[in-house]
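The values are calculated or read from the model by the stated rules, or taken from the named source; none is laboratory data. Values in this document were obtained by computation on a predicted structure and should not be read as measured data. For neighbour counting, all protein chains shown are included, and Cβ atoms are generated from backbone atoms with ideal geometry for every residue, glycine included. Accessible surface is based on the protein model in full, side chains and every heavy atom, while ligands, DNA and RNA are left aside. Shrake-Rupley method; radii C 1.70, N 1.55, O 1.52, S 1.80 Å.
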Amino acid sequence: MNIEYPRAVHRQFEQAIISGAHPEGETVTVESLSSKYQASLAQMRQITQTAHRKGLVAQVAQEDGAYRILGLPTTSFASVFTHTASSGLKPRSVVRDVEVQAATPTVANMLEVEVGDPVYRYVRTRYVDEQALANQTNFMPFAICPGLENDDVSRYSFQKLLEEKYYAVLMEMKEWFRLVPSTTEDQEVLDLPDGSPVLVIERIALSATGWPLVWASIRIRPDRYAYVSALWPQAAQLLEDTGS
């Protein structure tokens, strides 16, 4: 999918926010930014809308095209990768597929984008202590992390990558847990016998302004309870309640 997006201006504007060149509390307009960064109004609208989604700016009520600079949010959420490592375990990821695709109705609904908008589909296998633990697919709006396909997160936190390189800070997590029959893909990736269940964690990560940044579908081997208990305590409780 060929995407035309003003990446250079996008990066320049966000770095100006991070550096304080646009100080916290400053009010800017799409028109003034368009002139300052020598971008078209359409491009600047895209960029400011993305910054708003990330929580770097807030819309000024009743002023069309006006935004207040918020700066880079600070989060209290530790990434699963960081939590895994701090628990004395050894995390690793193998990225199996990264592609930009048009948002389906389901993806559009979860990420609050328009059907057909470009989104990243990011598929990886998560290992702990060299044991395959999870088959995970993430969806993100393309504009929050353009260039993601070039990043290596095999031994680095995906969440930290979003925060430190793309300034997309995850401030709130909404999660749902359930047990479902494994798919053929689950069985191949996680080395599960036919008919085995998988523990599914559906997670929506929100920014400081309440916009969805990542929709993750994490499909986990439920028989590796010790790892599930260490990394996803609420999901482990589901396994206990169901006797899995």
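Taking the C-alpha atoms only, the angle from helix 233-242 to the longest principal axis of the chain is near 40 degrees. Ordering 145, 184, 171 by the projection of their Cα atoms onto the charge dipole of segment 104-229, which places +1 on the Cβ of Lys and Arg and -1 on the Cβ of Asp and Glu, puts 171 at the extreme positive end. Measure off, as a whole percent, the carbon and sulfur share of the 1.4 Å-probe accessible area of the chain, all protein chains present. Result for the chain: 47 percent of the exposed heavy-atom area is carbon or sulfur. Phi-derived couplings, Karplus 6.51 cos²θ - 1.76 cosθ + 1.60 at θ = phi - 60°, listed residue by residue for segment 181-198: x, 6, 8, 4, 4, 4, 5, 6, 6, 9, 6, 9, x, 4, x, 6, x, 10 Hz, with x used for Gly and Pro. Scalar couplings 3J(HN,Hα) for segment 162-177, obtained by applying the Karplus form with A = 6.51, B = -1.76, C = 1.60 to θ = phi - 60°, are 4, 6, 8, 9, 10, 6, 9, 8, 8, 9, 8, 10, 10, 10, 10, 10 Hz; x denotes Gly and Pro.
Placing +1 on each Lys and Arg Cβ and -1 on each Asp and Glu Cβ, with no other charges, gives segment 123-215 a dipole about its Cα centre of roughly 380 debye. The alpha-carbon of residue 54 sits under 23 angstrom from the alpha-carbons of these lysines, leaving out residues fewer than 8 places away in its chain: 36, 160, 165, 174. Each Lys and Arg adds +1 at its Cβ and each Asp and Glu adds -1 at its Cβ; summed about the Cα centre, the chain shows a dipole of about 420 debye.
Taken one residue at a time, the phi angles of segment 149-157 give Karplus couplings (6.51, -1.76, 1.60, θ = phi - 60°) of 5, 9, 8, 9, 10, 4, 10, 9, 5 Hz. Gly and Pro are set to x. Under a model in which nothing but the beta-carbon of Lys, Arg (+1) and Asp, Glu (-1) is charged, segment 1-142 shows a dipole of about 460 debye around its Cα centre.
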